[in-house]
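The values are calculated or read from the model by the stated rules, or taken from the named source; none is laboratory data. If you're wondering where the values come from, they're calculated on a predicted model, not measured in any experiment. When we count neighbours, we look across all protein chains shown, and the Cβ atoms used for this are built from the backbone with ideal geometry, even at glycine.
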Amino acid sequence: MFPRKRERFCERQVAPATEIEETYVVSNPATATPALDKENVYAYFSSYGLMAFDHLRKARWTLPLAMPKTHHGSGASPILAGDLLIVNHDAIQDGYLLAVDRRTGKEAWKQPYSVQRGRVESYSTPVVWRDQLVLHRAGIIEGYQASSGRRLSSLAANTSGASTPTVSDDILYVATWNVLGEEDQRSSLPDRASMLKLYDKNGAGAISEAEFPANLKFTARPELDAVPNSQNYASFRSIDRNRDGAIRESEWAGFAPGSARRQRTTGCSRSGR
């Protein structure tokens, strides 16, 4: 939608998607912020792809893209880097960083992402820093050459890849974060003996799925408190690693200390001149 006057919208443009991506309950399929320059407005819908319109609302070009498979829906927005339009098209598998010619929508380069073991898709938008595109991905912060997409640098980090970096002249700032929320707001989990005393109703020395509490809170994301089966609450199936229908001592020991170790960190990197 492009407003001619501030107080009203004059037209709605439609992305002709054949299906709409599934998103998390607190999100929606239209999370991307459009990019614009003096000639065009550029929009990205992960359910459809990229679209460009001039400021009189005339379609300039479209580039349909395969809808990425994600756990919670996409979160990245397109950005401009000179004559290139860049989008982080991340996914559970086969994610990539894409650059297209802003005038024509033709692909300039496409850089597949390296696989980060134990990590999933990211939700961040790249940032232009000098001649690089810096991207905060799940488990890693990476730099790519803007002109070619060549991977220049990487830094491992305990992060979900949800936030967009910010830059100054010579410092890059990245607020890393993970899905467990803020450590100082997180609930303490009971130890093994307390779990058995509270929930092992049949005295088997293990906790079955029927005995496991539905309200055992262990993360701190206030917006998810009212969402049924949200990640604010411990999941029986995520703890029962051997899938035998019972949480045993080794499984609880592996889960409880691990959740306490995960935390948010903020880092920065200074560029050498």
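Could you tell me whether any residue of segment 192-209 is closer than 30 Å to S27 by Cα and of a type in the set (F, W, Y)? Let's see the steps before the verdict.
Start the filter on segment 192-209 by keeping residues that are closer than 30 Å to S27 by Cα, which leaves 209.
Still in the list and also of a type in the set (F, W, Y): none.
No, every residue in segment 192-209 fails to be closer than 30 Å to S27 by Cα and of a type in the set (F, W, Y).
Can you tell me which of (1) within 18 Å of S188 (Cα to Cα); (2) surrounded by 15 or more Cβ atoms within 10 Å (Cβ to Cβ) is the one A246 doesn't meet?
(1)
Looking only at residues that are assigned to a loop (DSSP other than H, G, I, E, B), farther than 17 Å from S194 by Cβ and charged (D, E, K, R) in segment 211-236, which one is modelled with the highest pLDDT?
Looking at the filtered set, the residue picked out is D225.
For segment 193-234, which positions are within 17 Å of E249 (Cβ to Cβ), charged (D, E, K, R) and buried (at least 16 other Cβ atoms within 10 Å of the Cβ)?
Within segment 193-234, D200, E211 qualify.
Of these, S259, S194, which one is at pLDDT 90 or above, assigned to a helix (DSSP H, G or I) and of a type in the set (S, T, N, Q)?
S194
Taking segment 93-108, which residues are surrounded by 17 or more Cβ atoms within 10 Å (Cβ to Cβ) and within 22 Å of R60 (Cβ to Cβ)?
The answer is L98, A99, V100, R102, G105, A108.
I'd like to check something: does segment 144-157 contain any residue that is in the same structural domain as L85 (by TED's automatic domain parsing), aromatic (F, W, Y) and assigned to a strand (DSSP E or B)?
Yes, some residue in segment 144-157 is in the same structural domain as L85 (by TED's automatic domain parsing), aromatic (F, W, Y) and assigned to a strand (DSSP E or B).
I'd like to verify a number: residues in segment 66-86 that are more than 13 Å from I20 (Cα to Cα) and either assigned to a strand (DSSP E or B) or without any contact (Cβ under 8 Å) to a residue 40 or more places away in the chain (or both), how many?
Number satisfying all stated conditions: 7.
Quick check: anything in segment 75-87 among the β-branched types (V, I, T) and more than 12 Å from T125 (Cβ to Cβ)?
Here is the first cut: in segment 75-87, the ones among the β-branched types (V, I, T) are 79, 86-87.
Now drop any that are not more than 12 Å from T125 (Cβ to Cβ), which leaves none.
No.
Hey, can you tell me all the residues within segment 104-124 that are modelled with pLDDT of 95 or more and in a loop (DSSP other than H, G, I, E, B)?
Passing the criteria: T104, G105, K106.
Does V128 count as in contact (Cβ under 8 Å) with a residue 40 or more places away in the chain, part of a loop (DSSP other than H, G, I, E, B) and either in the same structural domain as H71 (by TED's automatic domain parsing) or out of contact with any Leu (no Cβ under 8 Å at 6 or more places or on another chain) (or both)? Steps first, answer last, please.
Values: in contact (Cβ under 8 Å) with a residue 40 or more places away in the chain: yes; part of a loop (DSSP other than H, G, I, E, B): no; either in the same structural domain as H71 (by TED's automatic domain parsing) or out of contact with any Leu (no Cβ under 8 Å at 6 or more places or on another chain) (or both): yes.
The answer is no for V128.
Give the number of residues within segment 182-214 that are among the hydroxyl-bearing types (S, T, Y) and over 18 Å from Q231 (Cβ atoms).
3
Based on this model, can you work out whether P16 counts as part of a loop (DSSP other than H, G, I, E, B) and either modelled with pLDDT of 90 or more or surrounded by 15 or more Cβ atoms within 10 Å (Cβ to Cβ) (or both)?
no
When only residues in segment 41-64 that are basic (K, R) and not in a strand (DSSP E or B) count, which is surrounded by the most Cβ atoms within 10 Å (Cβ to Cβ)?
Ranking the candidates gives R57 first.
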